[in-house]
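Structure first, commentary second.
Only the coordinates and a few stated rules stand behind these numbers; no lab work does. No experiment lies behind these values; they were computed from the predicted model shown. Here the Cβ positions follow ideal geometry from the backbone for every residue, glycine too, while neighbour counts run over all protein chains shown.
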Amino acid sequence: MTWLILACALAVAVPAQAADPVFPLGLRIGVVPPPGLVASTAFQGFEDRDHSVAMILSEMPPDAFPAMDQAFTVDALKAKGIEVEKREDVPLKEGHGFIVVARQQMGGTTVRRWALIAGTETLTAIITLQVPDAATAAYPDDACRASLASFTARAKVPASEQLALLPYELRDLAGFHIVRALADGSAFLTDGPNDTITAADQPYMLIAIPPVQGPQPGDREAFARRLLAATPGVKDIRMVRSEEMRIGGQPGHQLIAEAKDDPSGTPITMVQWLRFGPGRFLHMFGLSRTDAWQSVFMRMRTVRDGIEPK
């Protein structure tokens, strides 16, 4: 585990009152940053470019805490050339956690490293702070420790804040709500009370811009079939319809398939739309129980047709 954990999202902080926790855009976790740090535009966190100080916030699932606990042991860090000064438990407003203070040589400069690893019922937080020796007067130990100990977590990221991360507009959610959205174009939508679901629970949609080159026109159908066949959590997939179509004014492809939820065996129906642009393509996937498919499918089409560039 590296100390500087870069996230795949914009790093614009949610405004707050002075001395209140500040939440980088799209994250549930926040801190009161040390005086002198401002919201970064390069990563999720805060920075002081003049002093080469950076504070990076990263959010992981709750079951990641044990692995992070092991990754930040004295021995594990020593193996990476990081000299640990201390590791100690820290009282937090929410959850439990520990702080690691260490030193490392980087390009001939000695850098003081701080890390808070915190766990709550809903997430694991990793917050790192890098302070070169030349900046320790501006960022004393007490200020660094107090900032890390101010860690807090909010229950949810507002939908408007998540939508702002996306490189495209979702003009009409058609009754779905946003569960998660990232600046790389990934979005997870669902219709129901649960945010963590299986295929048979409730309808959901996934939207993504894969970081790969789109297929040549003659290879698009075969490519689409391979992509749909790799859908996790389903079995006994049977293709029902495959056709080329225009989507958002661009070449596209639609696949509809029937399958069963694995392991419940509940009948489900899936749709996959691929919208091909110059080089890249937009991947849209929707799934619902078959007994609710007709009404859900119409709403998924509404979401599809409302995706527009910003």
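The length gained on full extension between Asp142 and Val74, counted as 0.36 nm times the residue separation minus their Cα-Cα distance, comes to 22.3 nm.
For Gly26, the shell of other residues with beta-carbons less than 12 Å away shows a net charge of +1, using +1 for Lys and Arg and -1 for Asp and Glu.
Within the straight-line cut-off of under 14 Å between alpha carbons, the aspartates and glutamates reachable from Lys235 are Glu258, Asp261, Asp262, sequence neighbours fewer than 8 places apart in one chain being disregarded. By the count of other C-beta atoms within 10 Å, a proxy for reagent exposure, Leu163, Leu282 are ordered fewest to most as Leu163, Leu282.
Convex hull over the alpha-carbon atoms of the chain: what's its volume per residue in Å³? Display every interim value, and only then the final one.
Working: hull volume 50.8 nm³, N = 310.
It comes to 164 Å³ per residue, whole-number rounded.
Grab the other residues whose beta carbon is less than 14 angstrom from that of Glu85, score K and R as +1, D and E as -1, and report the net. With Lys, Arg at +1 and Asp, Glu at -1, the net is +3.
Hey, with R₀ at 45 Å, roughly what FRET efficiency would Thr110 and His177 work out to, going by the Cβ-Cβ distance, to 0.05? Calculated value: 0.40. Kirkwood-type hydrodynamic radius, segment 13-153: 15.2 Å, calculated from all non-identical alpha-carbon pairs.
Full extension of the chain segment joining Glu83 with Ala222 gains 44.8 nm, where the gain is 0.36 nm per residue of separation less the Cα-Cα distance. The largest-to-smallest principal axis extents of the Cα set in segment 220-305 are 40, 26, 17 Å. For Val234, the residues whose amide H sits under 5 Å from its own are Asp262, ignoring neighbours fewer than 5 places away on the same chain, with H placed 1.01 Å from N.
Taking θ as phi - 60° and the Karplus parameters 6.51, -1.76 and 1.60, the scalar couplings of segment 130-138 work out to 10, 10, x, 3, 5, 10, 5, 5, 7 Hz in sequence order, x denoting glycine and proline. In this structure, Ala229 and Phe297 have a Cβ-Cβ separation that, at R0 = 25 Å, corresponds to a calculated FRET efficiency of about 0.80. Less than 5 angstrom separates the built amide H of Ile247 from those of Gly252, all sequence-distant by 5 or more or on a different chain.
For segment 159-309, the normalised intensity computed at q = 0.16, 0.20 Å⁻¹ comes to -0.87, -1.36 (log10 of I(q)/I(0), Debye sum over alpha carbons, equal scatterers, no solvent). The fraction of Cα-Cα pairs per 5 angstrom bin, counted from 0 for segment 140-233, comes to 2, 10, 15, 16, 14, 15, 10, 7, 5, 3, 2, 1, 0 percent, rounded to whole percents. The residues neighbouring Gly233, those whose beta-carbon lies less than 12 Å from its own, together hold a net charge of -1 under the Lys/Arg +1, Asp/Glu -1 convention.
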